[in-house]
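Below is one structure, written out as structure tokens, with a few remarks after it.
The values are calculated or read from the model by the stated rules, or taken from the named source; none is laboratory data. Note that the structure is predicted; figures quoted are calculated from it, not measured. Methodologically, a virtual Cβ is constructed for each residue, glycine included, from the backbone with ideal geometry; neighbour enumeration extends over all protein chains shown.
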Amino acid sequence: MDVRSALLVHAAFEMTAIGVGARLYALNLRRHGHGSLVRGPVFGVAIGCLVGAIAGSKLAVWLEYPHLVRLYWGSPLLVFTGQSIVGGLIGGLIGVEIAKKLSGIRRSTGDDFVMPLVVGIAIGRVGCFLAGLHDDTYGVATDMPWGVDFGDGVKRHPTQLYDIAAVLSLGLALTWARPRLAAEPGLEFKLFLTGYLVWRLVIDALKPVPYSYFGGLSGLQVLAALFLIGYVPIVFRQLRRLA
């Protein structure tokens, strides 16, 4: 697949993921009586999530590829250099919390996001897989029988498919536990975010590292680890209340 076709395929799946995720989020809001996505305080939360996710995604990419910041500094190209799920999730969370403060929403809003995120990430990763070498989400070379040749004669870990399997498994586990988690609003989202970031710490070890930080970690691994250090104690405190 040439670069143009790969980018078009990736963009098509990315837009589909966003559209399906937004639709599922709106359905969750209606089902749980939490308001409308297109008006009222919830609209502000959605905007906060979107702005935070975009900002977090960009910052994470720049952390992952600091050489691109130097290369494209002062150029509009710097704004269009890739996306990051890790950065988008963390930035989206921060954006939602800021929007809630501004709009006076006190209730937890995260649980409505969980299944839309699960489905959206899974759809988006299909696009990453089909884009192959033109997307920086493939794994390192492997001799495993399920290694995938993306067109250059080298079999690599299909880490995009691993990510799909992991996020769907996490979603199924949280769906099974939902009746019990419902006693602690917001806990389902916290467990999703924690589980996914821990997964990324592990699976990103099977990906090429464009810029190595301490311990050989990539920028995204460093970001995930630093966030988890502060976030995991919050999750455990809420889990103890559930026990």
(Q) Regarding segment 154-172, can at least one residue be identified that is in a loop (DSSP other than H, G, I, E, B) and at pLDDT 95 or above? (A) yes
(Q) Report every pair of residues separated by at least 6 positions or lying on different chains whose Cβ atoms are under 6 Å apart, first residue within segment 122-133 and part of a helix (DSSP H, G or I), second acidic (Asp, Glu). (A) Gly124/Glu14; Arg125/Asp163; Gly127/Glu14; Cys128/Asp135
Q: Determine, yes or no, whether Val209 is in contact with a Ser or Thr (Cβ under 7 Å, 6 or more places away or on another chain), surrounded by 15 or more Cβ atoms within 10 Å (Cβ to Cβ), among the β-branched types (Val, Ile, Thr) and more than 15 Å from Leu89 (Cβ to Cβ).
A: yes
Q: Working only within segment 83-97, note down all residues that are within 21 Å of Gln238 (Cα to Cα) and surrounded by fewer than 23 Cβ atoms within 10 Å (Cβ to Cβ).
A: Leu93, Ile94, Glu97
Q: Could you look through segment 143-166, keep only residues that are surrounded by 15 or more Cβ atoms within 10 Å (Cβ to Cβ) and in contact (Cβ under 8 Å) with a residue 40 or more places away in the chain, and pick out the one that is farthest from the chain's Cα centre (by Cα)?
A: His157
Q | Candidate set: segment 191-243, residues that are among the aromatic types (Phe, Trp, Tyr) and within 18 Å of the chain's Cα centre (by Cα); chosen: the one farthest from His157 (Cα to Cα) | A | Tyr231
Q) Which residue, of Leu27, Leu102, is part of a helix (DSSP H, G or I), surrounded by 13 or more Cβ atoms within 10 Å (Cβ to Cβ) and not basic (Lys, Arg)? A) Leu27
